[in-house]
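Read through the structure below, which is laid out as structure tokens, and then see the notes.
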Amino acid sequence: MRIVFMGTPEFAVPSLEILVKNNRNVVMVVTQPDKPRGRGYRVSCCAVKECAQKYNIPVIQPEKIGSSEAVEQLRQLKPDLFVTCAFGQFLTRDVLNIPRLGTVNVHGSLLPKYRGAAPIQWAIINGEKKTGVTTMLTVLKMDAGDILLSKEININDDMTAGQLHDRMSILGAELLLDTIQRLEEGNITPIPQDEAEATYAPRIDRETGKINWDAPARAIHNLVRGTDPWPGAYSFLNGKRMRIWKTTVYDEEKISGEKPGTIIEVNKDGFIVQAGKGILNISEIQCDSGKRMKVEQYICGYKVKSGDCFGSE
């Protein structure tokens, strides 16, 4: 079977590697064009391209996968199957019509829930107790194709988006290999998605992490976890922007009478803060241009007292 793999970020690397290591015939890798990254804005390649180069797999990086040039390059490969995993571009009808067996996508949710760009983050932000990975047949509508296989994973109360991402990337690779094996055997039945059950996971941006202190303590805790490692949850304290990296729910229900966002106690374990409902303990923070640190380290150099309030700038 001749496979063309399409992917871009670190999440897709285990899926590419598992194909290579199991002697699958990956004839081409398609990924996003190189972009300036980091503080120096140096042009660098993405994780999938680096992986492809390690295994000496040819790479193309079209600005638009549906361009006539890209479509012709793909047709000439005479592929049996396309595999996509966090590729970052929509496939046009011309592209989808090329492979003999269609296109299999690895998606980081239990479809039809959390279609879209950021399913891992939103599952945590929304307080889900489980999520999973799905392989599906790609169609023109976003993440709406028939389901091939899926596998669940539990989300514990302290798991961050970064931790869940790493576990799900491995799970997705294993599911992809199983899916391809069963496609070859003719031992898989595509299942249409229930459109009535569909939910969406829009792209995350920097403002997603802004904390609304009127929200319940549990919701704020979930936002902190769901935006770690990027973009990070944040608020302002004494006029300074502060990222909040680690929290625990101190009390689910208690309301002290203080304005939401008010620090009601400062101790070595953190800031004890009133939320809209319940109380949150903040134990790890980071100021702009500073390093990530525990609150007990921060209060050695900065004065924070009960009555200080997190909020807008």
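Please treat every number below as a calculation from the coordinates, not as lab data. Just so it is clear, the model here is predicted, and its values are computed rather than measured. Counting neighbours? That spans all protein chains shown, and the Cβs are built from the backbone with ideal geometry, glycine included.
Rounded, prolate or oblate: pick one for region 207-311, where a ≥ b ≥ c are the square roots of the eigenvalues of its C-alpha gyration tensor, a/c under 1.5 means rounded, and failing that, prolate if a/b is larger than b/c, else oblate.
Values: a/c = 1.56, a/b = 1.12, b/c = 1.39.
Here region 207-311 falls in the oblate category.
Full extension of the chain between Glu185 and Leu101 yields a length gain of 29.0 nm, computed as 0.36 nm times the residue separation minus the alpha carbon distance.
Between helix 217-226 and the chain there is an angle of about 40 degrees, using the helix long axis and the longest principal axis of the Cα atoms.
With the helix formula -39500 (n - 2.57) applied to DSSP H stretches of n ≥ 4, the chain reaches a computed 222 nm mean residue ellipticity of -7000 deg cm²/dmol. Going 7 Å from the Cα of Met1 in the Cα-to-Cβ direction, what parts of region 53-89 have a backbone nitrogen less than 20 Å from that spot? 57-58, 74-87, by backbone N distance to the label point.
Approximating the spin labels as points 7 Å out from Cα along Cα→Cβ, the Leu77-to-His165 distance works out to 2.5 nm.
Rounded to the nearest 20 debye, the dipole magnitude of the chain is 840 debye, with +1 charges on Lys and Arg beta carbons, -1 on Asp and Glu beta carbons, and the Cα centre as origin.
Please work out the C-alpha center-to-center distance from region 241-278 to region 81-128 and express it in whole Å. So the separation of the two Cα centres works out to 38 Å.
Quick one: angle between helix 161-185 and the longest Cα principal axis of the chain, in degrees between 0 and 90, rounded to 10, please. Approximately 20 degrees, to the nearest ten.
Counting only residues at least eight positions apart within a chain, or on another chain, the aspartates and glutamates with an alpha carbon under 17 Å from that of Lys254 are Asp214, Glu265. On the beta carbon distance between Gln61 and Asp178, with R0 = 35 Å, the FRET formula returns roughly 0.75. With a threshold of 26 Å on the Cα-Cα distance, the over-threshold entries among Lys240/Lys305; Lys210/Lys277; Lys210/Lys291; Lys54/Lys129 are Lys54/Lys129.
Charge tally for Gln121 (other residues, Cβ to Cβ under 10 Å; Lys, Arg +1; Asp, Glu -1): +1.
Work out, step by step, the length gained on full extension between Asn267 and Asn156: first 0.36 nm times the residue separation, then minus their alpha carbon distance; give nm to one decimal.
The span from Asn267 to Asn156 would gain 37.3 nm if fully extended.
Counting charges near Thr134 (Lys, Arg +1; Asp, Glu -1) among other residues having Cβ under 12 Å from its Cβ returns a value of 0. The string of couplings for region 142-153 from the Karplus curve (6.51, -1.76, 1.60, θ = phi - 60°) is 4, 6, 10, x, 4, 7, 9, 9, 8, 8, 8, 9 Hz, one whole number per residue in order, with x for Gly and Pro.
Remark: spin-label model distance Ser306-Asp251 equals 1.2 nm, labels positioned 7 Å along the Cα→Cβ axis. When each of Tyr114, Tyr250 is scored by the number of other beta-carbon atoms lying within 10 Å, the sequence from fewest to most is Tyr250, Tyr114. Once the dipole of region 92-172 is set up with Lys and Arg at +1 and Asp and Glu at -1 on Cβ about the Cα centre, which of Pro99, Ile155, Gly145 lies farthest towards its positive end? It is Pro99, whose Cα lies furthest towards the positive end. Legend: calculated FRET efficiency, Asn25 to Arg203, from the Cβ-Cβ distance at R0 = 35 Å, rounded to 0.05, equals 0.55. Look at the Cα gyration tensor of region 113-186: its axes a ≥ b ≥ c give a/c of at least 1.5 with a/b at or below b/c, and that counts as oblate.
A simple charge model with +1 on the Cβ of Lys and Arg, -1 on the Cβ of Asp and Glu and nothing else charged puts the dipole of region 226-298 at about 320 debye relative to its Cα centre. Segment Lys35..Lys210, full-extension length gain: 60.3 nm, with 0.36 nm per residue of separation and the alpha-carbon distance subtracted.
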